[in-house]
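Everything below concerns the one structure shown next.
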Amino acid sequence: MNLAVVLTFIVVIVLEIAIPLILGFVIVRKFGLRWGIFFYGALFFILAQVIHIPLLLILQPPYTAWVGSMTSDPAMVLAALAIFLGLFAGILEEGIRYLVFSRFFPRKSLSLDRKNGLLFGAGWGGIECIFVAVLVVLSLVNYILITSGALDAALATTTLIDPAQLAALDVIRNLAPLDILPGLFERIMTLILQITFTLLVLFAVLKGRILFFFAAVGWHTVIDAVAVYAAPMYGIWPTEAILAFNALAGTGVLYWVWMRLGDEPAGES
């Protein structure tokens, strides 16, 4: 067991939980808002996944089978799957955000302004970050079990081990701290992009500019599709570089939308 790897896991877990909560705290304190908006963002992200995951389980297998009947080229199959997954996530998540801002906020008499939009986006992206931290905890437990020899006795009595599973175990045993850090960078960049998408959808609702909603859907689709395609094809660091470029662009778009939204509340605080 590599102690540096264990410590890196712990640092990543702590930061993936702390960063969105600190961001929410800063927004709440700076603008005098209520935490309820942050929790609404988290709640509707969870709702999106409750819809997303079952539908994906139903629709992906026939889609994958259809793609497989059209081409046997692995790169083409992966590209088609990446587009499907990206478009599915983009339409569903941005669609739910649009309904929240156009229907839920007015019904609850919540102020539909850029400050609440920012906090809502932080809650949406923040709970995603926290859920990933939970998965990292499971990865840490897995790493400790495998590298401490806790599974060796069980493996020694098993003769039906898949070679691919053995290779996966070797990958885990040989983890280095740099293999874990990309996940943290990805979460930070994804949080920025989730807030950007949120403000784009809010802009579409407040200004009646539906093209900004489609821009959020399209951008979300591209980000997810590139991540699915690029990671196995080119590796994790090129994929993270693409995501970093988009996050940087997202900060610019976020600033642009923020300035043009101004303080124009719709509804009551």
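The values are calculated or read from the model by the stated rules, or taken from the named source; none is laboratory data. Just so we're clear, the structure is a prediction, and the values are computed from it rather than from any experiment. Positions of Cβ are backbone-derived with ideal geometry, glycine not excepted, and every protein chain shown enters the neighbour counts. Side chains are part of the model used for accessible areas, which takes the heavy atoms of the whole protein and leaves out ligands, DNA and RNA. Shrake-Rupley method; radii C 1.70, N 1.55, O 1.52, S 1.80 Å.
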Pairs of alpha-carbon atoms within less than 8 angstrom and 6+ residues apart define the contacts here; what relative contact order does the chain have, in percent? 34 percent
Sorted by chain and then number, the residues having a modelled amide H within less than 5 Å of the amide H of LEU112, at least 5 places away or on another chain, are ALA266, GLY267
Along the charge dipole of the chain, which of LEU33, VAL141, ALA75 sits closest to the positive end, that is, farthest toward it, with unit charges on the beta carbon of Lys, Arg, Asp and Glu (+1, +1, -1, -1)? LEU33
Spread of Cα-to-Cα distances over 10 Å intervals beginning at zero, given as percent, for the chain: 6, 25, 31, 23, 11, 4, 1
Could you order ASP179, ASP113 so the one with the most accessible surface comes first? Probe is 1.4 Å. ASP179, ASP113
Radius 14 Å from Cβ of PHE45, net charge of other residues (Lys, Arg +1; Asp, Glu -1): -1
With the convex hull built on the alpha-carbon atoms of region 74-138, volume per residue in Å³ sits at 111 Å³
10 Å-binned pair-distance histogram of region 1-141 (Cα, whole percent): 11, 29, 28, 23, 9, 1
Is it possible to state the helix-based mean residue ellipticity at 222 nm for the chain, with each DSSP H run of 4+ residues giving -39500 (n - 2.57), the sum divided by total residues, to the nearest 500 deg cm²/dmol? What is it? -29500 deg cm²/dmol
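What accessible area per residue, rounded to a whole number of Å², is obtained for region 161-228 using a probe radius of 1.4 Å?
45 Å²
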If you consider only alpha-carbon coordinates, what radius of gyration and Dmax does region 166-231 have, in Å? 17.3, 56
Which ³J(HN,Hα) values, rounded to whole Hz and listed in residue order, are derived for region 242-254 from phi using the Karplus coefficients 6.51, -1.76 and 1.60 in 6.51 cos²θ - 1.76 cosθ + 1.60 with θ = phi - 60°, glycine and proline given as x? 5, 5, 5, 4, 5, 5, 5, 4, x, 5, x, 5, 4
